[in-house]
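Beneath this line is the structure, given in structure tokens, with notes to follow.
Rule-based calculations on the coordinates, nothing more; no lab input. Nothing here was measured: the structure is a model prediction, and the numbers come from that model. Every residue, glycine among them, receives a Cβ derived from its backbone with ideal geometry; neighbour counts consider all protein chains shown.
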Amino acid sequence: MVISYSLELEVDTERTQRIKELAYETDALLKGDFTLSSGKKSDHYYDGKQLSQHPEGAYLIGEEIFDMLEGIDFDAIGGLAISAIPIVTAVTVVSHIKGQPIRSFWVREEPKKHGTEKRIEGQFKKNSKVVIIDDVITGGNSIKKAIDAVRAEGCEVVKVIVVVDRNEGGSDQLREEGYDFKAIIDLSPSGEASISEPSAVTGEAG
């Protein structure tokens with residue numbers, strides 16, 4: 001599918017600003033002493049579920065990502081469980097409201113041990129074009145797991161979208177590998193949030 005509609009800007013600045021405000025209001029952006037999933041220590045942390053499972057936060061993120069998908073030829077959106085699940089669900093609900101329904105899926109860390117024994121659940125088809133979504137990127141391991149899973153099924157990843165980019169190497173690596181990457185919010189080394197600026201694509205990745 002291709003989402004087509006008229007927008008003067010890629011994103012709604014007021015909406016993006018509100019998402020950033022909610023990240024603080026919901027305590028999704030925290031200061032302290034944290035150990036990240038990579039094992040690295042950090043004095044700031046993004047607890048994405050506090051924002052993506054907040055009523056207003058979920059709706060605004062859904063609208064934001066829906067707008068980011070304008071003009072892209074894709075079949076479905078998805079990401080790694082569990083962080084991507086509320087986000088892709090929000091986008092699909094918004095897409096239904098807007099009359100341009102988007103199919104979604106999610107990727108298990110490991111294949112299910114019973115029933116269908118699937119690793120990828122939901123509205124997913126092999127050899128299709130997909131968008132990968134996640135709540136945050138640091139080193140990029142979670143996103144790479146999702147990318148590897150769909151590419152193993154013959155899919156082309158046409159865009160990668162996250163809510164927050166910690167700017168610690170993961171997004172740069174994806175761009176170097178040719179993926180069309182976009183974040184809603186950027187974090188500075190000190191953990192301060194700002195609205196992400198559009199960035200150029202450096203190549204192509206299938």
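List the aspartates and glutamates whose Cα sits under 17 Å from the Cα of LYS118, skipping any in the same chain fewer than 8 residues away.
Excluding near neighbours in sequence, the set is GLU109, GLU110, ASP148, GLU153.
Would you work out which of ILE19, ALA146, VAL94 lies farthest towards the positive end of the dipole of the chain, given +1 charges on the beta-carbon of Lys and Arg and -1 on that of Asp and Glu, about the Cα centre?
Going by the charge dipole, the pick is ALA146.
Calculate the dipole size of the chain relative to its Cα centre from +1 charges on Lys and Arg beta carbons and -1 charges on Asp and Glu beta carbons; express the result in debye to the nearest 20.
So the magnitude is around 960 debye.
Net charge near LEU187, counting Lys/Arg +1 and Asp/Glu -1 over other residues with Cβ under 11 Å of its Cβ?
-2
Got a sec? How would GLU177, GLU192, GLU63 order by Cβ neighbour count within 10 Å, fewest to most?
The most exposed by this proxy come first: GLU192, GLU177, GLU63.
Counting DSSP beta bridges in the chain, what percent are antiparallel, to the nearest 5?
35
Could you tell me the ratio Rg/Rh of the chain? Both radii from Cα atoms, Rh via Kirkwood.
Over the Cα atoms of the chain, Rg/Rh equals 0.94.
Who wins for biggest fluctuation among LYS129, LYS31, LYS49 in a Gaussian network model of the chain, springs between alpha carbons below 10 Å?
The residue with the greatest mean-square fluctuation here is LYS31.
Going highest first, how would you order 65-72, 100-107, 132-139 by mean Cβ packing within 10 Å?
Ranked by mean Cβ neighbours within 10 Å, highest first: 132-139, 100-107, 65-72.
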